[in-house]
Amino acid sequence: TGLRGAESRTPARYLVDLARHTYRNHPEFYPIYSQPDFEWNKIFQRNKNPLLSLNMGIDGLGAGFAEGSGFAFVASAERDGTRLFLAMGGLASDKERLDEARRVLEWGLSSFETKVLFKRGEVVGQASVYGGSARHVDLVATEPVDIYLATKNPERLTGRIVYRWPLRAPVAEGQEVGTLRIFSGDKLVREVPLVTASTVATGSLASRATDALLELMFFWL
């Protein structure tokens, strides 16, 4: 509601998630954030977001002030195909807000870059299929699998495909069956849904019997 209250708290991470969701899922509305002015009901209004004046690729989203929490902002900027989202609060003045926004965004845009690990629709791995006309089915990402890495000495990443083994035929093309999890050390840094790349029909009686025997042996062991 925007009203102050003892239990009214919104973590900065939630604001970043909301900003990213708006950008990705409502592209037709996102340009409104950078619109310099507009007229509504015969009243001329200017965009009051001071961050737009920094001229460093910022195109959203907003800035505010509240007693007890100081000056704050949620921003997004793009440079050379890399987009960065940032939320900060507790700043002492409008000048500090502008200075910190400029400093952190410049650092983030110049010290990191986006690495595309898999394109949308690219095969990431395979899943075993039980009782199907094929033993395996390719899994593809529903969105580009990208990650933000330091340009110097990037972290070592590992990936895991997680799904409920085994998939039982029939399997439809485009069926969401698992996720790709990207880790930096023990920290989960990216998770992307995986869907099947093709249809797998129910197999013959002989192939289903073989799969049943293998499943029995696997769980028995």
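The values are calculated or read from the model by the stated rules, or taken from the named source; none is laboratory data. Bear in mind that the values here come from a model prediction, so they are computed numbers and not experimental data. Quick reminder, even Gly has a Cβ in these numbers, built from the backbone with ideal geometry, and neighbours come from all protein chains shown.
Structure summary
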{"item": "Residue within the stretch 17-40 that is within 26 Å of Y148 (Cα to Cα), among the small types (G, A, S) and in contact with a helix residue (DSSP H, G or I) (Cβ under 7 Å, 6 or more places away or on another chain) present", "result": "yes"}
{"item": "Pairs with Cβ under 6 Å, 6+ apart, first in the stretch 138-152 and free of Cβ contacts under 8 Å to residues at least 40 places away in the same chain, second charged (D, E, K, R) and part of a strand (DSSP E or B)", "result": "L149/K115"}
{"item": "The stretch 1-25 - residue that is hydrophobic (A, V, I, L, M, F, W, C) and either assigned to a loop (DSSP other than H, G, I, E, B) or surrounded by fewer than 11 Cβ atoms within 10 Å (Cβ to Cβ) (or both) and, of those, modelled with the highest pLDDT", "result": "A6"}
{"item": "Identity of the residue in the stretch 183-194, more than 12 Å from the chain's Cα centre (by Cα) and surrounded by 15 or more Cβ atoms within 10 Å (Cβ to Cβ), that ends up farthest from T142 (Cα to Cα)", "result": "S184"}
{"item": "Of all residues making up the stretch 63-96, the number that are touching a helix residue (DSSP H, G or I) at 6+ places or on another chain (Cβ under 7 Å) and touching a residue at least 24 places away in the same chain (Cβ under 8 Å)", "result": "16"}
{"item": "Search result, residues across the stretch 26-52 that are surrounded by 10 or more Cβ atoms within 10 Å (Cβ to Cβ) and not in a loop (DSSP other than H, G, I, E, B)", "result": "Y30, P31, I32, Y33, S34, F38, Q45, P50, L51, L52"}
